[in-house]
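Notes for the one structure printed next.
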Amino acid sequence: MEARTPWQALTRSDYLRTGWPWRSAAYLASGVLTGVPLLLVLLVLLGFSAVLIGLPLLLLAGVALGGLERRRLRLVDREPAADPHRVPDAPGLGAWLKTRVQEQATWRELGYAVLHATVLWPLDLLALAAGIGLPLAVAAAPVQLAVDGHEARVAKTFLVTTYPQAFGAALAGLLLLAVLLHPLAALAGARAALTRALLAPRDAELRDRIGEVTRSRARLVAAFEAERRRIERDLHDGAQQRLVALTMTLGLARLDVPPGGPLAAQLAKAHDQAGHALTELRELIHGIHPQVLTDYGLAAALADAADRSAVPVETDIDIPRLERPVESAAYFAAGEALANIGKHSGARTARLTARHTGDLLRIDVHDDGCGGADAARGTGLTGLADRVAVLDGTLTITSPPGGPTLVRVEIPCSALAAAPCA
Amino acid sequence: MQRSGRRPLRIVLAEDSVLLREGLVGLLGRFGHQVVAAAGDADGLATAVDTHDPDIVVTDVRMPPAFQDEGLRAAVALRARRPGLPVLVLSQYVQRSYATELLDSGDGTGVGYLLKDRVGQIEEFVEAVDRVAAGGTVVDPEVVRQMLRRRRDPLAALTPREREVLGLVAEGHSNREIARRLVVTEAAVGKHIGNILAKLDLPPAEDTHRRVLAVLAFLRA
């Protein structure tokens with residue numbers, strides 16, 4: 001396994017042959033490069049904050065530095081640090097400021113900025129000077145001697161006058177470098193740990209983010225659901241009514257035409273085709289959103305899905321009315337399971353059981369087919385598993401090769417108080 | 001009922017689509033019936049029935065304000081409030097929950113559940129209106145077909161021929177019509193129906209009522 005941090009790298013015997021010494025040095029050096037301008041910016045803003053405009057800018061500087069530092073952290077930490085901030089509830093600078101001011105992460109970043117500007121970058125500089133500057137200065141003795149011609153004062157302390165002495169010093173310098181690169185990496189590791197501790201999201205913040213993602217996914221599913229309903233209604237109110245009216249008109253026309261003639265045959269054909277279109281449209285509308293689900297609930301809708309299945313399905317359904325999203329997700333998941341039995345399983349019979357016990361809805365769809373069903377292989381169940389997951393539910397498939405297959409949908413939910421199932 | 005026995009009916013119609021409402025008024029008028037009131041929602045339907053005291057009500061399932069099953073609810077409520085009022089429900093749904101609930105209301109006579117598509121089969125449709133008005137029970141052939149596909153108790157005991165006969169009974173056909181369709185004698189049909197009633201364990205009663213009970217058993221199966 002590859003080292004993730006300088007600390008881990010230090011424990012390996014090949015530490016000096018890896019890129020870690022140089023990554024550590026680069027991390028410290030870039031710390032100096034960001035620290036110096038940061039100090040200037042903070043000083044200017046501190047001056048401004050006496051008249052209040054500086055305060056928001058100070059926050060901004062902290063947040064901006066936080067982002068930069070998390071990116072810089074990648075030099076010495078292979079695992080990226082996530083952004084601890086939330087997405088503001090509304091667009092615009094005002095909402096942004098309001099969100100940021102309320103976040104602990106913002107203040108941690110500001111604290112880090114002050115620390116970085118005043119203590120950390122000088123420390124980085126000192127470490128670089130001692131850890132790399134000094135050994136390199138010692139190692140440069142032959143060059144110094146060559147430039148001067150007579151003598152060289154190595155590291156401004158002791159004097160060398162001959163080349164053997166100078167090369168001896170160079171060798172010592174390189175050895176010193178090899179030794180000092182170790183504490184350098186240790187320091188870089190410590191710096192990285194401090195940065196991560198202050199700038200990476202805390203557990204609670206991560207939980208918030210996950211909650212937010214779940215909520216937004218739930219909103220997406222709800223929007224999708226509402227859209228299906230709208231399409232269903234539009235088709236019902238529009239195309240379906242017009243087609244019914246059309247078949248009625250054609251039916252009346254047929255009464256007025258003398259039977260046996262060519263026109264009667266044409267009309268009969270048109271009448272027939274309109275009838276077929278109507279049947280297909282009815283099935284299509286049912287597939288988009290089965291109205292029986294809204295009117296009579298999940299129990300009736302499941303029984304109907306079992307009626308329609310190509311493979312005979314034995315049903316055992318005993319559930320109350322549940323909340324709409326639960327009924328809908330459960331219906332489509334069970335419906336897809338039944339459809340898959342018809343398409344892939346080669347089963348002769350299937351069984352559907354639905355129960356609501358405690359606060360858990362459980363639907364089992366069994367078949368005696370050949371098994372080997374896999375949600376990962378795009379059986380349409382993957383998307384439905386996602387939809388069930390939005391409601392904190394699970395969809396599990398047990399399908400060993402040779403069968404039998406069990407698809408189980410479980411969704412935690414409480415029964416609606418009113419109207420038991422029809 | 002025979003077509004020769006047709007009498008002019010006074011009809012209250014409930015349908016929210018203007019296009020279909022106008023069409024149905026024209027269609028029924030052509031066959032000598034009179035639509036005395038045409039309502040666009042469930043409340044209008046109840047009021048119109050009270051005002052006009054019609055021979056039969058023809059209503060859509062889905063109507064304003066919520067566009068769910070208001071029409072069916074209104075039909076069920078009407079049958080509870082005015083026992084014996086014939087009601088024919090036009091629906092877009094093959095699902096048996098709707099038909100079962102409707103037929104379960106009242107005593108199961110003078111009631112019909114048809115897919116809207118059926119209004120295109122003009123003569124069949126008008127015949128269904130007549131049959132329901134005369135106290136018959138009519139279930140849409142498509143709904144019947146869907147139910148026949150299932151093999152479940154208590155219908156499991158029936159032979160395929162008996163199931164076929166029961167389906168035709170549910171569609172509201174007379175013994176003579178069933179005999180004609182299956183190309184058998186009326187006596188044979190009578191025998192099948194006797195067997196069906198016995199196998200479904202239906203109590204001895206007047207024939208029409210037992211037929212209705214058989215249809216209900218069929219729908220609930």
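The values are calculated or read from the model by the stated rules, or taken from the named source; none is laboratory data. Keep in mind that what you see is a predicted model, and the values were worked out from it rather than measured. Methodologically, a virtual Cβ is constructed for each residue, glycine included, from the backbone with ideal geometry; neighbour enumeration extends over all protein chains shown. Side chains are part of the model used for accessible areas, which takes the heavy atoms of the whole protein and leaves out ligands, DNA and RNA. Shrake-Rupley method; radii C 1.70, N 1.55, O 1.52, S 1.80 Å.
Restricting to the stretch A:301-345, name every residue that is of a type in the set (A, V, I, L, M), farther than 18 Å from A:Arg362 by Cβ and within 13 Å of chain B (Cβ to nearest Cβ).
The answer is A:Ala310, A:Val311.
Could you check A:Leu281 against (1) away from chain B (no Cβ under 11 Å); (2) assigned to a helix (DSSP H, G or I) and say which number it fails?
(1)
Report yes if some residue within the stretch B:127-140 is touching a helix residue (DSSP H, G or I) at 6+ places or on another chain (Cβ under 8 Å) and within 11 Å of another protein chain (Cβ to nearest Cβ); otherwise report no.
no
Specify which of the listed residues (A:Ala130, A:Ala139) is within 21 Å of A:Leu194 (Cβ to Cβ) and of a type in the set (Gly, Ala, Ser).
On the way: A:Ala139 fails: within 21 Å of A:Leu194 (Cβ to Cβ).
That would be A:Ala130, the only listed residue that is within 21 Å of A:Leu194 (Cβ to Cβ) and of a type in the set (Gly, Ala, Ser).
Residues being within 14 Å of another protein chain (Cβ to nearest Cβ), β-branched (Val, Ile, Thr) and in contact with a strand residue (DSSP E or B) (Cβ under 7 Å, 6 or more places away or on another chain): count how many of those fall in the stretch B:49-77.
Of the residues in that region, 2 qualify.
I'd like to know if the stretch A:59-77 contains one or more residues that are surrounded by 12 or more Cβ atoms within 10 Å (Cβ to Cβ), over 30 Å from A:Leu181 (Cα atoms), in the same structural domain as A:Ala197 (by TED's automatic domain parsing) and without any contact (Cβ under 8 Å) to a residue 12 or more places away in the chain.
Taking the stretch A:59-77 and keeping what is surrounded by 12 or more Cβ atoms within 10 Å (Cβ to Cβ), we get A:59-70, A:72-77.
Subsequent filtering for residues that are over 30 Å from A:Leu181 (Cα atoms) retains A:59-64.
Next, only the ones that are in the same structural domain as A:Ala197 (by TED's automatic domain parsing) stay: A:59-64.
Now narrow it down to the ones that are without any contact (Cβ under 8 Å) to a residue 12 or more places away in the chain: A:60, A:64.
Checking the stretch A:59-77: at least one residue is surrounded by 12 or more Cβ atoms within 10 Å (Cβ to Cβ), over 30 Å from A:Leu181 (Cα atoms), in the same structural domain as A:Ala197 (by TED's automatic domain parsing) and without any contact (Cβ under 8 Å) to a residue 12 or more places away in the chain.
If the requirement is being open to solvent by 20 Å² or more (accessible area, probe 1.4 Å) and assigned to a helix (DSSP H, G or I), which of these qualifies: A:Val44, A:Val87?
Unique residue meeting the criteria: A:Val44.
Every residue in the stretch B:105-124 that is under 26 Å from B:Arg81 (Cβ atoms), polar (S, T, N, Q) and either without any contact (Cβ under 8 Å) to a residue 12 or more places away in the chain or away from chain A (no Cβ under 14 Å) (or both), please.
B:Thr109
Inspect all residues belonging to the stretch B:35-50 and state whether any of them is out of contact with any Phe, Trp or Tyr (no Cβ under 7 Å at 6 or more places or on another chain), assigned to a loop (DSSP other than H, G, I, E, B) and farther than 19 Å from A:Asp237 by Cα.
No: zero hits.
Since B:Gly40 meets every condition but one in (1) open to solvent by less than 60 Å² (accessible area, probe 1.4 Å); (2) more than 17 Å from the chain's Cα centre (by Cα); (3) within 11 Å of chain A (Cβ to nearest Cβ); (4) not aromatic (Phe, Trp, Tyr), which condition does it not meet?
Unmet condition: (3).
Quick check on the stretch A:284-300: of everything there that is touching a helix residue (DSSP H, G or I) at 6+ places or on another chain (Cβ under 7 Å) and more than 11 Å from chain B (Cβ to nearest Cβ), which residue is surrounded by the fewest Cβ atoms within 10 Å (Cβ to Cβ)?
A:Ile288
Can you find, within the stretch A:141-164, the residue that is nearest to the chain's Cα centre (by Cα) among those that are over 19 Å from A:Ala130 (Cα atoms) and open to solvent by 90 Å² or more (accessible area, probe 1.4 Å)?
A:Val143
So which residues in the stretch B:63-84 are farther than 15 Å from A:Tyr296 by Cβ and crowded, with 21+ Cβ neighbours inside 10 Å, if there are any at all? Explain how you work it out, then say what you get.
The initial filter retains those residues of the stretch B:63-84 that are farther than 15 Å from A:Tyr296 by Cβ, namely B:63-65, B:67, B:74-75, B:77-84.
Within the stretch B:63-84, B:Met63, B:Ala74, B:Ala75, B:Leu78, B:Arg79 qualify.
Every residue in the stretch A:112-124 that is open to solvent by 40 Å² or more (accessible area, probe 1.4 Å) and under 34 Å from the mean Cα position of the chain (by Cα), please.
Across the stretch A:112-124, the qualifying residues are A:Val114, A:Leu115.
Name the pairs whose Cβ atoms lie under 9 Å apart, with the first residue in the stretch A:171-192 and in contact (Cβ under 8 Å) with a residue 40 or more places away in the chain, the second of a type in the set (Val, Ile, Thr) and assigned to a helix (DSSP H, G or I), and 6 or more positions between them or separate chains?
A:Leu176/A:Val138; A:Leu177/A:Ile132; A:Leu177/A:Val138; A:Leu180/A:Ile132; A:Leu181/A:Ile132; A:Leu184/A:Ile132
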